[in-house]
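What follows is one structure encoded as structure tokens, with my remarks underneath.
The values are calculated or read from the model by the stated rules, or taken from the named source; none is laboratory data. All values derive from a computational prediction rather than experimental measurement. All Cβ positions, even for glycine, are placed from backbone atoms using ideal geometry, and neighbour counts span all protein chains on display.
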Amino acid sequence: MTKIFKHLAKHWAACLVIIALLLVQAYGDLTLPDYTSKIVDTGIQQSGIADAVPEVVRDSTLQVLELLMTDADAAAVEAAYTQPGGTDNALSSATSLQKKLASPYTVRLLRADADRDTLAEVFSTPDIVLYLASAQAPGRVTPRMPSRWIPLPPSLRP
């Protein structure tokens with residue numbers, strides 16, 4: 001045994017590199033199932049969408065989603081996104097994003113202080129309904145509201 005250690009003493013740096021590489025290999029082998037589950041859960045089952053709360057959304061799409069919400073949920077969503085025609089910093093970001101995209105649509109940004117967990121619960125059902133409705137209409141990705149729409153009265157909202 002002492003002869004082995006005497007020979008290894010000459011190559012101590014290579015032995016340390018080998019041990020370090022074995023630790024890296026073990027770490028990689030142990031984290032691979034976690035990476036695979038994230039790929040399957042987020043990438044395949046959810047089509048790459050990790051969260052139901054959109055960071056940027058068209059104003060018309062948000063209005064359609066709000067038609068499928070209760071009044072309290074719609075108010076929470078309105079408070080979480082920038083208002084068109086407002087004066088806050090997020091609005092200037094939304095306007096600059098709209099110009100960069102050269103989009104004729106008004107876009108709204110999620111505020112930094114928005115409660116994402118609450119919004120995820122609020123958006124879950126309307127997102128599914130809107131997705132299914134748009135899948136039924138061939139050639140249309142998202143439904144568009146006319147420029148002048150009449151909101152439903154509170155008694156008729158779901």
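Structure summary
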quantity	calculated
Identity of the residue in segment 59-71, surrounded by fewer than 20 Cβ atoms within 10 Å (Cβ to Cβ) and of a type in the set (D, E), that ends up nearest to V122 (Cα to Cα)	D71
Residues of segment 95-148 that turn out to be part of a loop (DSSP other than H, G, I, E, B), hydrophobic (A, V, I, L, M, F, W, C) and modelled with pLDDT under 70, as a count	4
Answer from A13, A74, A26 - the residue that is exposed (fewer than 10 other Cβ atoms within 10 Å of the Cβ), part of a helix (DSSP H, G or I) and hydrophobic (A, V, I, L, M, F, W, C)	A13
